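Participant: Handing you this structure, nothing more for now.
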Amino acid sequence: MSLADARPADLAAPPARQAEARKSRREARTRWWLATPALLTIAALSLLPLCIVILYSVLERDSYGGILWALSGEAWIEVFFQRDIFEGTLAPAGAHLAILWRSIRLALITTGLTLLIGVPTAYFIGTRPAHTRNLWLFAITVPFWTSLLIRIIAIGELIRRDGLVNAALLQMGLIDEPLQMLFTDFAIGLGMTYVYLPLMVLPVYAAVQRLDPRLMEAAYDLYASRARTFWRVILPLIRPGVIAGSLLVFIPSLGDYVTPRVLGGGSNLMIGNLIELQFGQGRNWPLGAALALTLMILIGLALIPCARLLRGKAAPHG
Amino acid sequence: MIQLHSVSKIYGAGAGAVTALSDVSLTIAENEFFTLLGPSGCGKTTLLRMLAGFEVPSRGAIVLDGRDIADLPPNRRPINTVFQNYALFPHMTVAQNIAFGLQSLGRPRAAIKARVAEMLALVAMEHLADRKIAAMSGGQQQRVALARALAPAPRILLLDEPLSALDLKLRRQMQIELKRLQAETGITFVFVTHDQEEALTMSDRIAVMGAGLLHQVASPRDLYDRPANRFVAGFIGEGNFLPVHVRSRDGALARVTIAGADLTLPAETLPAGEMQALVRPERIVLAPAGGTGGLHLSGVVENLVYIGTDTHLHLRLPDGAQITARIGNGDPHLQGLAPGARAALAVPSDALRLVPA
Ligand SMILES: Nc1ncnc2c1ncn2[C@@H]1O[C@H](COP(=O)(O)OP(=O)(O)OP(=O)(O)O)[C@@H](O)[C@H]1O
Ligand SMILES: [Mg+2]
């Protein structure tokens with residue numbers, strides 16, 4: 001509602017009401033001012049680059065890197081198709097699709113594993129007595145003290161052919177020769193699960209903490225087993241936390257670049273690595289931009305069902 | 001029938017241990033409206049939680065139909081609870097809340113539907129079956145909590161101060177409702193309150209508790225007329241407590257001095273040890289001084305408080321003690337009495353109750 005719309009109604013209203021309306025308008029303006037730095041930051045550092053990426057994705061590539069100022073749809077075609085150099089015919093870009101599929105698959109697996117490990121952990125911490133709870137939370141944040149890169153390299157060391165894990169398995173006689181774990185999808189999944197686990201635990205913990213323990217008692221009193229209490233009472237009530245955690249894990253793991261680079265070796269690329277490749281050795285900036293946008297669209301698609309799940313929860317009574 | 005045999009509950013261990021209940025034995029009969037009454041912190045909730053299965057007794061046995069259930073978890077006891085804050089599932093509708101226990105028990109779908117409808121009718125909430133819990137008033141939530149706990153037809157229903165969150169009018173209404181539900185369903189109710197009036201009006205029997213001890217289990221009338229000790233007498237209704245001095249006991253008779261007046265009483269009415277005389281205000285009458293039979297006291301009127309049908313008369317006795325009498329406003333002796341005047345009171349022998357101090 002603009003000021004012009006508001007005026008006639010205000011004139012008709014008694015003076016006290018007018019003053020009140022003026023005051024609330026003034027407050028609303030003040031609040032907008034408070035948000036200004038954040039809005040400017042978002043505009044400058046997020047919207048502007050996004051516009052540039054969109055623009056680059058529809059320009060022609062310069063074979064020495066960078067772009068030529070001519071409109072072209074080639075980059076978007078290249079995301080999904082391969083052009084035969086001699087005949088000019090299109091075939092599906094098998095390598096890209098494989099990388100895209102690996103990215104989605106690994107991100108989903110990572111989200112699933114962090115759910116499987118993180119939800120019980122968060123529940124455990126959230127139901128501890130108040131003073132021990134902080135100790136457990138502290139333990140969750142300890143890994144952040146060390147650089148991400150070092151932690152991922154350390155995982156690589158552990159699962160090397162002659163690493164600690166293989167040595168232990170050999171020692172126990174569970175395997176006859178070392179397993180190839182490093183430079184596989186398994187290694188990437190393991191690394192991402194490890195790295196993103198706290199992002200699942202923390203929001204779920206916040207939700208668990210708000211749970212009324214008497215609801216669990218009520219379920220238990222009404223003949224529910226532990227499993228039934230979890231599925232029918234606990235899970236629905238911590239759902240917002242679980243969805244938030246899933247998004248916090250799924251989104252960065254879908255676009256992860258460091259973990260596949262270190263643990264996946266050169267051959268197990270994810271979409272993040274593919275994008276980086278286009279801006280580096282590949283010298284195909286428009287394709288890199290188009291791939292980056294494809295990733296964004298994928299994430300947007302993943303958000304839709306989550307938003308619906310959350311709204312479904314909040315809808316009936318606000 | 002459920003029995004507690006010497007049940008004790010100690011929370012914590014070592015120096016920080018709290019004895020919430022010590023050596024409680026009682027029997028609750030089938031179809032009884034049984035009330036646990038006592039001041040805050042006396043262990044009512046602890047006792048109820050042990051019946052429900054949320055706490056395990058430190059000592060003693062809880063026997064239901066001849067079986068010790070003290071170690072049985074809550075989901076395997078035919079006992080349901082109405083929680084103090086209702087603890088309704090906020091993400092479910094009224095009907096889903098009521099159906100929850102039946103679904104846990106794996107009842108067939110059609111049976112659940114019928115039972116939920118029956119329960120909704122029982123608490124007059126048919127029109128709200130598909131409402132979410134958040135959109136309901138305290139009184140409505142109370143009814144849903146009752147329906148939810150009654151739906152699986154438990155042997156015993158536990159209610160922990162279910163009415164304490166309601167305003168007075170709604171409270172009265174729910175008291176009547178609860179009595180009706182108990183009569184209609186024939187389920188044993190174990191009800192917790194610290195409101196003695198509520199306990200007296202609703203219960204078949206009342207257990208009076210104080211500081212982890214069970215003082216007396218009796219019908220409301222017996223608790224009022226024949227309290228087992230000073231604690232119960234003071235907790236139930238109003239009363240005057242007068243010092244008692246036993247001068248002699250010979251055979252069936254005892255000669256005692258109560259508040260300076262001599263009296264001969266049947267020896268069997270005297271408890272062992274120290275004692276006090278309980279006199280209910282409404283059993284005291286205004287009488288000319290020097291009458292015979294019963295206890296006669298005279299003193300100076302301190303105050304007269306008009307309370308509608310009656311007047312509260314506060315009398316200061318010669319030994320300094322104060323006594324309160326409730327005199328009907330029709331009593332001719334009341335005419336002309338004013339603060340500062342002398343007055344004489346009589347207490348019939350059968351209105352004197354000697355209780356252990
Ligand atoms: N989980 C617990 N740990 C330690 N002490 C407890 C615990 N629960 C209760 N207590 C103690 O046991 C005693 C009895 O508590 P309980 O809750 O049974 O009292 P109550 O009669 O229900 O009181 P109220 O009328 O205030 O609800 C209290 O002294 C209380 O502090
Ligand atoms: Mg209590």
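The values are calculated or read from the model by the stated rules, or taken from the named source; none is laboratory data. The structure displayed is predicted, hence computed values, not measured ones. Heads up, the Cβs are rebuilt from the backbone with ideal geometry, glycines too, and the neighbour counts pull from every protein chain shown. Each accessible area value is taken on the protein alone, full model and side chains, heavy atoms only, with ligands, DNA and RNA left out. Shrake-Rupley method; radii C 1.70, N 1.55, O 1.52, S 1.80 Å.
Participant: For the full complex of protein chains and a 1.4 angstrom probe, list A:I251, A:I299 by accessible area with the highest value first.
Facilitator: A:I251, A:I299
Participant: Okay, next question. First obtain the Kirkwood hydrodynamic radius of the range A:155-257 from its Cα pairs, then insert it into the Stokes-Einstein equation at 25 °C and 0.890 mPa s, and state the resulting D in µm² per second as a whole number.
Facilitator: 147
Participant: Helix by helix, which DSSP H runs in chain A go 18 Å or more along their axis at the Cα atoms and have an average Kyte-Doolittle hydropathy of 1.0 or more?
Facilitator: Sorted by number, the helices that extend far enough and score high enough are A:94-126, A:185-209, A:235-254, A:285-314.
Participant: Moving on. Accessible area of the range A:8-92 with a 1.4 Å probe: how many percent of it is carbon plus sulfur?
Facilitator: 68
Participant: With the Cα gyration tensor of the range B:238-356 in hand, give its eigenvalues times 5 under a square root as the equivalent ellipsoid semi-axes, listed largest first in whole angstrom.
Facilitator: The answer is 27, 13, 13 Å, longest axis first.
Participant: Just to be sure I understand: with springs between alpha-carbon atoms less than 10 Å apart, which residue in B:F89, B:F33, B:F231 has the highest mean-square fluctuation in the Gaussian network model of chain B?
Facilitator: Its mean-square fluctuation being the largest, the pick is B:F89.
Participant: For the charge dipole of the protein assembly as shown, defined by +1 on Lys and Arg C-beta atoms and -1 on Asp and Glu C-beta atoms about the Cα centroid, which residue among B:L242, B:L181, B:A199 has the Cα displaced farthest towards the positive pole?
Facilitator: Selected residue: B:L181.
Participant: Starting from the Cα gyration tensor of chain B, multiply each eigenvalue by 5, take the square root, and state the resulting semi-axes largest first in whole Å.
Facilitator: 48, 25, 16
Participant: Then there's this: Using the heavy atoms of the protein chains alone and a 1.4 angstrom probe, what is the accessible area of the range A:270-313 per residue in square angstrom? Before the final figure, lay out each step's value.
Facilitator: On the way: 2130 Å² over 44 residues.
For the range A:270-313, the per-residue accessible area is 48 Å².
Participant: Another question, if that's okay. Counting only protein heavy atoms and using a 1.4 Å probe, what share of the accessible area of chain B belongs to carbon plus sulfur, as a whole percent?
Facilitator: 52
Participant: Taking only protein heavy atoms into account and a 1.4 Å probe, give the accessible area per residue of the range B:179-273 in Å².
Facilitator: On the way: 4320 Å² over 95 residues.
Ligands and nucleic acids excluded, the result is 45 Å² per residue.
Participant: When the Kirkwood hydrodynamic radius is evaluated over all pairs of different C-alpha atoms of the range A:94-314, what value in angstrom, to one decimal, is obtained? Before the final figure, lay out the partial values.
Facilitator: Values: mean 1/r = 0.0514 Å⁻¹.
For the range A:94-314, the Kirkwood estimate is 19.5 Å.
Participant: Also, quick follow-up: Compute the separation of the alpha-carbon centres of the range B:189-226 and the range A:112-132 and state it in Å as a whole number.
Facilitator: Taking the Cα centre of the range A:112-132 as reference, the centre of the range B:189-226 is 44 Å away.
Participant: So which residues in the range B:72-93 end up with at least 20 square angstrom less accessible surface once the other protein chains are there, compared with the chain by itself, probe 1.4 angstrom?
Facilitator: Buried by 20 Å² or more upon assembly, which counts only protein chains, are B:P74, B:N75, B:N80, B:F83, B:N85, B:A87, B:F89, B:P90, B:H91, B:M92.
Participant: Shifting gears a bit: Could you give the dipole magnitude of the range A:8-92 about its Cα centre, charging the beta-carbon of Lys and Arg +1 and that of Asp and Glu -1, in debye to the nearest 20?
Facilitator: 1080
Participant: Continuing with this model, one more query. Based on the alpha carbons, how large is the Rg to Rh ratio for the protein assembly as shown when Rh follows Kirkwood?
Facilitator: Looking at the protein assembly as shown, the ratio lands at 1.18.
Participant: While we're on this one: Residues of the range A:213-227 that become at least 40 Å² less accessible with every protein chain present than in their own chain isolated, using 1.4 Å: which are they?
Facilitator: A:R214, A:L215, A:E217, A:A218, A:Y220, A:D221, A:L222, A:Y223
Participant: Under 13 Å Cα-Cα from B:K179, which aspartates and glutamates qualify once same-chain neighbours fewer than 8 residues away are excluded?
Facilitator: Within reach: B:E32, B:E198, B:D204.
Participant: Using only protein heavy atoms and a 1.4 Å probe, how much accessible area in total is buried between A and B, to the nearest 100 Å²?
Facilitator: That pair of chains buries around 2200 Å² in total.
Participant: What percentage of all Cα-Cα pairs in the range B:196-302 are separated by more than 18 Å? Each step should come with its number before you reach the end.
Facilitator: Details: 3282 of 5671 pairs.
Within the range B:196-302, distances greater than 18 Å cover 58 percent of Cα pairs.
Participant: Percent relative contact order of chain B, based on C-alpha pairs within less than 8 angstrom and at least six residues apart? Each step should come with its number before you reach the end.
Facilitator: On the way: 721 pairs, mean separation 53.6, N = 357.
The value is 15 percent.
Participant: Okay, moving on. For the range A:8-92, what is the Kirkwood estimate of the hydrodynamic radius, computed as the reciprocal of the mean inverse distance between distinct Cα atoms, to one decimal in Å? Could the numbers behind the result be given before it?
Facilitator: Values: mean 1/r = 0.0554 Å⁻¹.
Hydrodynamic radius (Kirkwood, Cα only) of the range A:8-92 equals 18.1 Å.
Participant: So, one more: To the nearest Å, what is the center-to-center distance of the range B:97-166 and the range A:211-285, using C-alpha atoms only?
Facilitator: About 37 Å separates the Cα centre of the range B:97-166 from the one of the range A:211-285.
Participant: Return one whole number: the accessible area per residue of the range A:8-92 in Å², for a 1.4 Å probe.
Facilitator: About 79 Å² of surface per residue is accessible.
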